[in-house]
Every structure is written in structure tokens, then in C-alpha cells.
């Protein structure tokens, strides 16, 4: 018996039919199968996980934190509140207004115009 919300997680990611197949058969998935089903983003050999995780963390840490926060908030609302396209467009416009008031926004625009990698500061 699955627990910790696994039923909801799996139904959301792979659908009820695949969830029940896995529950009924107790078949374990390979990393590649889990990626193909949309449960995970990528599969890799065990010895590469920590290196790739550190690369990803460094990339995210160098990003525009306000824009990331606004995107995370919007994605959660889309998922949890089942927002329609008009609500998404309105929410995106508001989030862009918030982001546009940051130094990171100005840095992103300037870096794009100068054809260089932006240096975000989290402000």
C-alpha cells in the first residue's frame, strides 16, 4: 500500500491507469522508465548524481531569485488552483511587474542587449 501521498503524486504524473498498473504488479521502474513516464526529470549513473546536483544548484543559485520565486508561486497556483489561461496571463503580468522592479531584471535586460551572461545578485 503506497503512503505519503504517493497515490496522488503518481496519478498526477502518470495517470490513474499507469498508477494502478504499478500498484497491482508491484513492478519496479528503472530510472530511464521513470523519466519516460514523467516521474523524474533525468536518469544518470549513480556516481554522476552528486556532480550533476552540484552543477544544478550552482546554476540556480546564480539566477534571478525574485523571478524564480514568482514562477514557483505561479506554477503552484496553476497546479493547485487549476488556473485557466486568462488567470495565468494576468498572474504572469503581475509577476513581471514585481520582477521588473529588481536590479536583477535590469541586469538581465542589459546583459541580453550586450550579448553577455548576466550576473544576478538576488536584488
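Is region 60-113 best put as rounded, prolate or oblate by its Cα gyration tensor, with a ≥ b ≥ c the root eigenvalues, rounded for a/c under 1.5, and otherwise prolate when a/b is larger than b/c, oblate when not? Walk me through the intermediate numbers first.
Values: a/c = 2.99, a/b = 1.87, b/c = 1.60.
Since a/c reaches 1.5 and a/b is larger than b/c, the shape of region 60-113 is classed as prolate.
Mind ranking 63-69, 87-93 by how tightly packed they are, going by the mean number of other C-beta atoms within 10 angstrom, highest first?
On the way: 63-69: 17.0, 87-93: 12.7.
Order by mean packing, descending: 63-69, 87-93.
Each value in this text was obtained by applying a stated rule to the coordinates, not by laboratory testing. Quantities reported herein were computed from a predicted structural model and do not represent experimental measurements. Every residue, glycine as well, gets a Cβ built from its backbone with ideal geometry; the counts of neighbours run over all protein chains shown.
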